[in-house]
1. Relative contact order for the chain using alpha-carbon pairs under 8 Å, separation at least 6, rounded to a whole percent?
2. Using θ = phi - 60° and the Karplus form 6.51 cos²θ - 1.76 cosθ + 1.60, what ³J(HN,Hα) does each residue of region 33-47 get, whole Hz, x for Gly and Pro?
3. Could you tell me which of Ala220, Val270, Gly237 has its Cα farthest along the dipole of region 212-298 towards the positive end, charges placed at Cβ (Lys, Arg +1; Asp, Glu -1), taken about the Cα centre?
4. Taking amide H positions as placed 1.01 Å from N in the peptide plane, with prolines and chain starts having none, which residues 5 or more places from Ile111, or on another chain, fall under 5 Å of its amide H?
5. State, in angstrom, two size descriptors of region 180-220 derived from its alpha carbons: Rg to one decimal place and Dmax to the nearest whole number.
6. With θ set to phi - 60°, apply the Karplus curve 6.51 cos²θ - 1.76 cosθ + 1.60 along region 55-65 and write out the HN-Hα couplings as whole Hz, x wherever there is a Gly or Pro.
7. Specify the residue with the greatest mean-square fluctuation among Gly164, Gly204, Gly360, computed from a Gaussian network of the chain linking alpha-carbon atoms under 10 Å apart.
8. So what is the 222 nm mean residue ellipticity for the chain from helices alone, if each DSSP H run of at least 4 adds -39500 (n - 2.57) and you divide by all residues, rounding to the nearest 500 deg cm²/dmol?
Amino acid sequence: MWVLSGLLPLLLVMTLAYPAQALTEEQRLINEVWRIVDRAYVDPSYNHQNWFALREKALKKTDLERENTYELVQGMLAVLDDPFTRLLKPNQYRSLQTSTSGELTGVGLQIAQDAETKQLKVITPIAGSPAEKAGIQPADLILDIDGRAALGLTLDEAAERMRGEIGTVVNLQIQRGGEPQDYDLVRDRIELNPVVAELRPAEGKKIGYVRLNQFNANAAEEVAMTLKDMEKQGASGYILDLRNNPGGLLQAGVDIARDWIDQGEIVFTVSRSGALDSYEANDSALTQDPLVVLVNKGTASASEILAGALQDNGRATILGEQTFGKGLIQSLFDLSDGSGLAVTVAKYETPTHRDINKLGITPDQVVPMDALTPD
């Protein structure tokens, strides 16, 4: 695979310099993380840092406890200045795997971290969740979680603090323009059905409204089933609502694009060496009916891959606000102690080679979010 190209001599040197039996368990974990980033990270300059020197310095510590080791690893990763490349402690890793599988317990917030201010902000509350019912809104700032300042927490640390047993309470201090406001939210089981859909009459025709909330393991199958059912019922056009969809699994985004596009590129990925790979349509589109896609500033990641593919192929009209602008792809790696490592392994470009990272996708028709309704 491309991530291993040209690395075998270096790995041999590393093995000779630090034979496995000479390392403590904590040092082996540090070495494990270092090797994964060294092989896979998208930027071969490691943000212009001496990645090898960081490893040498870390391995000199021989009296580490596990929590100290996690802190040391997080410090190493911080020099990359990439909030998406991060260590996931065992409980955080299990929670993430649960989330992408389609279910979790907590308050139901999708969150992001501002690249400049490092403040935590809400992308969107999940429909029907305690957060939505309490009135928390997209773009709200999270100042405090159960008495702990949110500034300085990683995304995963914040998410872990908001998750918990059903029926327990978590206090969030939220700011929306004026004075901060406290919310006491009762954790509950969050249903992550990714698709909400209905067939609506419009001027003597039937329009299929499909809201896609996230790209989890169920998303592609649910969208395909929905389209097939609506085609049987005589749908003559569609609205695909990607507003406040924070993304998820890359493959789910590709598979859903193939439901709408018969031929053409869907997305290009760009490796650390600059090599291009691509995902293409495969003559499997389920409908050729007209399509409008709704987006806003909460439309991110895999949602932008899908919207960009539909826009560049002329398959849909994109309507709404400038999207979030996350054009980086992460892979998850299992670590030996049950923790995990999320590593940015590639960038993506739309079919016309647009790099939308930190820029987002510009709609064909810019319309304020408040003016958009699915009705």
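The values are calculated or read from the model by the stated rules, or taken from the named source; none is laboratory data. All of these numbers come straight from a predicted model, not from anything done at the bench. As a convention, Cβ positions derive from the backbone with ideal geometry for all residues, glycine included, and neighbour counts pool all protein chains shown. For accessibility, only protein heavy atoms count, side chains too; no ligands or nucleic acids. Shrake-Rupley method; radii C 1.70, N 1.55, O 1.52, S 1.80 Å.
1. Values: 764 pairs, mean separation 55.1, N = 375.
Result for the chain is 15 percent.
2. Whole-Hz 3J(HN,Hα) from phi for region 33-47: 4, 4, 5, 4, 5, 4, 7, 10, 4, 5, 9, x, 8, 6, 6.
3. Result: Val270.
4. Ile123
5. 16.5, 48
6. 5, 4, 5, 5, 6, 6, 7, 10, 10, 7, 8
7. Most flexible of the set in this elastic network: Gly204.
8. Details: 10 runs with 108 residues, N = 375.
Calculated at 222 nm, the ellipticity per residue is -8500 deg cm²/dmol.
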